[in-house]
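Asks: Before I ask anything, here is the structure I am working with.
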Amino acid sequence: MKFFVDSADTDAIADLAATGMVDGVTTNPSLVAKSGRDFKELVAEICALVPGPVSAEVTALDADTMLKEADELLAIADNVCIKVPLTWDGLKATRQLADRGKMVNVTLCFSANQALLAAKAGAAFISPFVGRLDDIGADGMRLIGEIRQIYDNYSELESQILVASVRSPEHMRASALIGADVATLPPEVLKSLIAHPLTDKGLEAFLADWQKSGQSIA
Ligand code: G3P
C-alpha cells in the first residue's frame, strides 16, 4: 500500500519523507492557498522532496483550459500528476492526458459510478473523499469497498484507489483492510498511526529495568 502526504507544507512533507514512508504527495487549491506560496514554486519544491507522484490540481472548468494548465504544471517536474475534478470536462482532459502517457488523479469522487467513469477515462488515480462523506452522514469506507469490488470485476479498469479526506487512523486501517492502493494522509494523521499506549508503557518498563541492570550496549 502506498502512503501519500496530503499537504502543501514543505517542512511537514520533508519531515515525513525522512522516515522513508512517503510514496507521493497530494495538494489541492485550498491547501495551496493556505500555504501562501506561489503554486508553481511550491510544486517544484515538493517534487524534489519525494520521488513519487505529486498531485497538482488544475483550476479551469473547461477541458481545453485544463489541458493548457496541465502542460504548465507538467513542465515543472517528471513526477507531477495532474489532478482534475470529477466533471465531464475533467474526464475529457483525463482521457487526453492519459493517451499522452500522463498521470491523472481524478478528485472529488463521492460515488461508485463516478469512480467507474474516472477509470474508464484512464485516470491513474481516483480520489474518493471518505471524511466528507462521513460528514454528511454517509459511509465513506463503504464507498471504498464498492469501488474496490467494481475495479476488481473488470481487469481493464486500471485506476488506483487513492483514499482521500482521511481524518483518522480508523480510516487508514479500514482502507488497508479493503485493499485500497493508496491513502493520502494529513501529516498529523500519518504521525498518529504509530501511537499505542501499550508501546509507550512497555518501552518505559524495558528502559527502567535496563537501567537497573547497570549495562550499556555502546
Ligand atoms: O485529499 C483531499 C483532502 O485534502 C480533503 O480533505 O479533510 O478537506 O475533506 P478534507
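Asks: Determine the share of the chain's accessible area contributed by carbon and sulfur atoms, expressed in whole percent, with a 1.4 angstrom probe.
Replies: Summing carbon and sulfur atoms, their accessible area is 55 percent of the total for the chain.
Asks: Can you tell which of Thr59, Gly36, Phe3 lies farthest toward the positive end of the dipole of the chain, using +1 and -1 charges on the Cβ of basic and acidic side chains (Lys, Arg; Asp, Glu)?
Replies: Checked the options; the winner is Phe3.
Asks: How much length would be gained if the chain were fully extended between Thr59 and Ile150, taking 0.36 nm per residue of separation minus their Cα-Cα distance, in nm to one decimal? Intermediate values should be presented prior to the final figure.
Replies: Details: separation 91, 0.36 × 91 = 32.76 nm, distance 2.90 nm.
Using 0.36 nm per residue and subtracting the Cα-Cα distance, I get 29.9 nm.
Asks: State the three equivalent ellipsoid semi-axes of the chain, derived from the C-alpha gyration tensor as the square roots of 5 times its eigenvalues, in descending order and whole Å.
Replies: Numbers: eigenvalues 247, 94, 41 Å².
Result for the chain: semi-axes of 35, 22, 14 Å.
Asks: Using modelled backbone amide H atoms (1.01 Å from N, in-plane), which distant-in-sequence or interchain residues come within less than 5 Å of Cys109's amide H?
Replies: Amide H to amide H, under 5 Å and 5 or more residues apart or across chains, Cys109 pairs with Ser127, Phe129.
Asks: Going by amide H atoms built from the backbone, whose H comes under 5 Å of the H on Thr27, apart from near neighbours?
Replies: Ser55
Asks: Determine which lysines satisfy two conditions relative to Lys83: a Cα distance under 22 Å, and not lying fewer than 8 residues away in the same chain.
Replies: Lys83 reaches Lys2, Lys34, Lys40, Lys68, Lys92, Lys102, Lys120.
Asks: Rounded to the nearest 0.05, what FRET efficiency is calculated for Ile217 and Met21 with R0 set to 41 Å and r the Cβ-Cβ distance?
Replies: The calculated FRET efficiency here is 0.95.
Asks: Now for a separate question. Place a +1 charge on the Cβ of each Lys and Arg in the chain and a -1 charge on the Cβ of each Asp and Glu, then give the dipole magnitude about the Cα centre in debye, rounded to the nearest 20.
Replies: 300 debye
Asks: How far is helix 63-74 tilted off the main Cα axis of the chain, in degrees rounded to 10, range 0 to 90?
Replies: 40 degrees
Asks: Then there is this: Hey, with R₀ at 30 Å, roughly what FRET efficiency would Ala33 and Lys120 work out to, going by the Cβ-Cβ distance, to 0.05?
Replies: It comes out at approximately 0.45.
Asks: Which whole-number percentage describes the relative contact order of the chain, with Cα contacts under 8 Å and a sequence gap of 6 or more?
Replies: Relative contact order for the chain comes out at 17 percent.
Asks: Round to the nearest 10 and give me the degree value, 0 to 90, for the angle of helix 88-99's Cα axis relative to the longest principal axis of the chain.
Replies: Long axis of 88-99 versus the principal axis of the chain: about 80 degrees.
Asks: A further question follows. How far is helix 169-178 tilted off the main Cα axis of the chain, in degrees rounded to 10, range 0 to 90?
Replies: It is inclined by approximately 60 degrees.
Asks: Let me ask something additional. Can you list the aspartates and glutamates whose alpha carbon is less than 15 Å from that of Lys212, not counting same-chain residues fewer than 8 positions off?
Replies: Within the straight-line cut-off, Lys212 pairs with Glu204.
The values are calculated or read from the model by the stated rules, or taken from the named source; none is laboratory data. Computed from a predicted structure; not experimentally measured. Counting neighbours? That spans all protein chains shown, and the Cβs are built from the backbone with ideal geometry, glycine included. What goes into the accessible areas is simple: the full protein's heavy atoms, side chains included, and nothing from ligands, DNA or RNA. Shrake-Rupley method; radii C 1.70, N 1.55, O 1.52, S 1.80 Å.
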